[in-house]
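Here is the structure we will look at, set down as structure tokens.
The values are calculated or read from the model by the stated rules, or taken from the named source; none is laboratory data. Just so it is clear, the structure is predicted and the values come from calculations on it, not from any experiment. Backbone-built Cβ (ideal geometry, glycine too); neighbour counts: all protein chains shown. Protein only, heavy atoms only, side chains kept; ligands, DNA and RNA dropped before computing areas. Shrake-Rupley method; radii C 1.70, N 1.55, O 1.52, S 1.80 Å.
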Amino acid sequence: MRSAFTYNVLLLLYATTVSSSAASADQKPWKQWTCDELTPNLCDDLQVESGSLIIRSIPVKYWRYKRRETLSVEEDSNGSTISNPIIALHGGPSWPHSYLLPLKQLACRGTEVIFYDQAGCGESIPLDKGQSVSPSEHPHLLDPAYYSEEELPALIDHWKLEKYHVLGHSWGTMLAQLFALNARNTRGRLQSLILSGPLSDTHSYIAAQWDTKEGNLGSLPPFVQDRIHSLAAQKSYDTAEYEAIDNVLTTFFTLRTAPAPDCFTASAGGMNKDIYVGMQGASEFAIGGVLGDWNVTGRLHEIDIPVLLTHGKFDTMRPSIVKTMEEQLKLSERVLLPHSGHVSMIDDAGMMNDAVADFLQRVERTAIRNGLDHFVPRGDEEEEIAGPYLTASWVMVFIALVAGVIIGRLIDNENPPTSSAVTYSFAEMSAY
């Protein structure tokens, strides 16, 4: 949930890097990394169609990415494509979609990738651009059910999608779980979930961060931990000390690509702080607000479609949180991204896209051949597929050995082997 942090530090970081880049007279000064340049294998023929849908008087804006040209027959026939659209749900809450844009590379693989800004943040604000959206005027923006049971279903119907995948990040994973559990008319249409930096229980999420063995905050020097606890107890969230700690830890655990690239700073500029604080609470090291007691772990077994869980090695979502979800979900597999903090789609852009694409290709092949309920998660797939083949192989080996012994004895009766010949044969077999 630490995908939101003070925008001022981003501006300061941006200004510092610009001023420190001494450009020669014949070179343009370096300004900032772009998310396009850090995304491997991004095709150059993507096109984007934007639009909006007014929901409860707020226009919710979306962007649909797909290739201008269709994939070749060879690409389309070798199982390397993705057919059904992917809907991306951003985190925060109220941290708009731009930072997810490295995921548009999935559209290079033949599918459509759809992003949108949830109501009240980014470009999903009233038609008068100068007008901000306040939860006091729009209380439904502090209701998770609005996002999962009204806004997202309305957009899916507006886009006229028959089958689709949903990819959520951080708060977006909570929204995705609620959508899968509670939204109507998803049976047969929702094909899979990808949950990146996920959580299903906010209390466990915070406890895991402070854990002395696996926690990220629990790994900090004792003095720093004491200062965080002291500032939190005093609710000193607007002090220079608190902001300084938050800003530094952001580069440890949230986004390790520093200085931050353009798509991330764009999201920072579009955050709606009132919605964020109302949902998550003012502290970055605890959780409060509407989501303070949120927990759907006990219902995860109800999700009967394939689920991919991804998390970074340095993620705020610690391994115990993700493993608990994996255990509760019926058809799930987990991928750990080795260089990532919480924002894996930037920190490990290539590996993240490859992992998602591989998962979706297997999901879609299974759906066509046998139905989604026959999907075998990768961890179990090797055992289930290798098991029968291994057993059959050993049966054949056993039969061959028995036959060989029988034939060998028949031959031996006529030509008894020498001791050296037996020794050589044993040594040769031992080499294998």
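When all protein chains stay in place and ligands, DNA and RNA are ignored, the 1.4 Å accessible-area order of 248, 296, largest first, is 248, 296.
Taking every C-alpha pair closer than 8 Å and separated by at least 6 residues, the mean separation divided by the residue count of segment 121-189 gives a relative contact order of 28 percent. Among the listed pairs 104/330; 28/104; 104/273; 31/66; 61/323; 160/313, which are separated by more than 31 Å between their Cα atoms? Where the Cα-Cα span goes over 31 Å, the pairs concerned are 61/323; 160/313. A 1.4 Å probe over all protein chains sorts 63, 95 by accessible area into 63, 95, starting with the largest.
Counting protein heavy atoms only, segment 196-271 has 57 percent of its accessible area on carbon and sulfur, 1.4 angstrom probe.
Tally Lys/Arg at +1 and Asp/Glu at -1 over every other residue whose Cβ is under 13 Å from the Cβ of residue 301; what's the total?
Values: positive: 299, 330; negative: 302, 304, 326, 327.
Every neighbour counted, the sum reads -2.
Between residue 137 and residue 258, residue separation times 0.36 nm minus the direct Cα-Cα distance comes to 39.9 nm.
Counting only protein heavy atoms and a 1.4 Å probe, segment 269-361 has 33 square angstrom of accessible area per residue. Across segment 171-265, the relative contact order, built from alpha-carbon pairs under 8 Å that are at least six residues apart, equals 14 percent.
Modelled this way, with points 7 Å down the Cα-to-C-beta line, the labels at residue 27 and residue 47 are 3.8 nm from one another.
Averaging sequence separations of C-alpha pairs under 8 Å and six or more residues apart, then dividing by the length of segment 236-362, give the relative contact order as a whole percent. Show your work: numbers first, answer last.
On the way: 144 pairs, mean separation 30.2, N = 127.
Answer for segment 236-362 is 24 percent.
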